[in-house]
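Have a look at the structure below, then the notes.
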Amino acid sequence: MPLVLHCYDGSPSNRAVYMCLKALGLEVIKKPVNLFKGEQLKPEFLKMNPQHTLPTLVDGDFVIWDSHVICSYLWGVLFPRFMSITVPLLVLKCKEIPEKKKTSVKDAFAFMEKFLEGREYLTGASYTIADICCISTVSTIVGGLGIGADEYPNVKAWMKRCRENLPGYEELNQPGVDGYKRIVAQELA
Ligand SMILES: N[C@@H](CCC(=O)N[C@@H](CS)C(=O)NCC(=O)O)C(=O)O
């Protein structure tokens, strides 16, 4: 089912989502909403998003708003790609990671690389929920699965920045990455 984005080009938060979609290579059907005609206040729109803000993303039955949350959600493509490796490895006891799956993760890193061009964090100069959501997956892919990000300097620098600046990173994220790495090493031994 195609993603549908109710949007308004004049708004920075909407354009952040456009760029996030572009960086991720995702197609979307754009439905422009004219804020100055109050189209966002129509009952059918309010039924979908009672806060009547744009952007509003519809993915099947699921509706989300707030650009930062939408960007995090879209970045969620990383997590399924990670899961497509971890489930065969840890649940189905496969003994190797297929190259195709490594490539799908690297493709996601390549999108991130572009997305981080000229930016400290995924949505700008300060970290947001998008960084918190993404670093937990990226650090597990790199640190736990050993799929490196060396070819992606922006991603590497961002990872370092997250590690140094996100509150609780060392205490709440790193031990899990290390534990996951040990389990993967056992499975692949
Ligand atoms: N924090 C929100 C802000 C969204 C927002 O306030 N959008 C404005 C346009 S810039 C809007 O839709 N206003 C219409 C309204 O509140 O009725 C986000 O990032 O999505």
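At pLDDT below 90, β-branched (Val, Ile, Thr), within 30 Å of ARG15 (Cβ to Cβ) and surrounded by 14 or more Cβ atoms within 10 Å (Cβ to Cβ) - does that describe any residue in region 121-128?
yes
In this structure, does SER72 turn out to be within 17 Å of the chain's Cα centre (by Cα), more than 30 Å from GLU187 (Cβ to Cβ) and either in the same structural domain as ILE129 (by TED's automatic domain parsing) or surrounded by 17 or more Cβ atoms within 10 Å (Cβ to Cβ) (or both)?
It is false that SER72 is within 17 Å of the chain's Cα centre (by Cα), more than 30 Å from GLU187 (Cβ to Cβ) and either in the same structural domain as ILE129 (by TED's automatic domain parsing) or surrounded by 17 or more Cβ atoms within 10 Å (Cβ to Cβ) (or both).
Taking region 35-46 on its own, how many of its residues are more than 7 Å from the ligand (Cβ to nearest atom) and either of a type outside the set (Lys, Arg) or touching a strand residue (DSSP E or B) at 6+ places or on another chain (Cβ under 9 Å) (or both)?
Residues that pass the stated criteria total 7.
Taking region 53-102 as the region of interest, how many residues are of a type in the set (Gly, Ala, Ser) and at positive phi?
1
Might you let me know whether region 128-138 holds any residue that is out of contact with any strand residue (DSSP E or B) (no Cβ under 6 Å at 6 or more places or on another chain), under 22 Å from VAL177 (Cβ atoms), within 16 Å of the ligand (Cβ to nearest atom) and hydroxyl-bearing (Ser, Thr, Tyr)?
yes
Do any residues in region 97-117 that are in the same structural domain as SER139 (by TED's automatic domain parsing) and modelled with pLDDT of 85 or more have Cβ atoms under 7 Å from those of residues that are assigned to a helix (DSSP H, G or I) and of a type in the set (S, T, N, Q), where the two are at least six apart or on different chains, and which pairs are they?
Pairs found: LYS101/SER84; GLU113/ASN154; LEU116/ASN154; GLU117/ASN154.
Given the conditions (1) on the phi > 0 side of the Ramachandran plot; (2) in contact with a Phe, Trp or Tyr (Cβ under 8 Å, 6 or more places away or on another chain); (3) surrounded by 15 or more Cβ atoms within 10 Å (Cβ to Cβ), report the number of the one that HIS6 does not fulfil.
Among (1) on the phi > 0 side of the Ramachandran plot; (2) in contact with a Phe, Trp or Tyr (Cβ under 8 Å, 6 or more places away or on another chain); (3) surrounded by 15 or more Cβ atoms within 10 Å (Cβ to Cβ), the lone unmet condition for HIS6 is (1).
Tell me which residues, restricted to region 1-34, are in a loop (DSSP other than H, G, I, E, B) and within 16 Å of the ligand (Cβ to nearest atom).
TYR8, ASP9, GLY10, SER11, VAL33, ASN34
Working only within region 132-156, note down all residues that are over 17 Å from the mean Cα position of the chain (by Cα) and either assigned to a helix (DSSP H, G or I) or hydroxyl-bearing (Ser, Thr, Tyr) (or both).
GLY143, GLY144, PRO153
Output the number of residues of region 47-73 satisfying the condition of being outside any strand (DSSP E or B) and within 10 Å of the ligand (Cβ to nearest atom).
Residues flagged as outside any strand (DSSP E or B) and within 10 Å of the ligand (Cβ to nearest atom) within region 47-73 amount to 12.
The values are calculated or read from the model by the stated rules, or taken from the named source; none is laboratory data. Note that this is a predicted model, so its numbers are computed, not measured. Glycine gets a Cβ as well: all are built from the backbone with ideal geometry, and neighbour counts include every protein chain shown.
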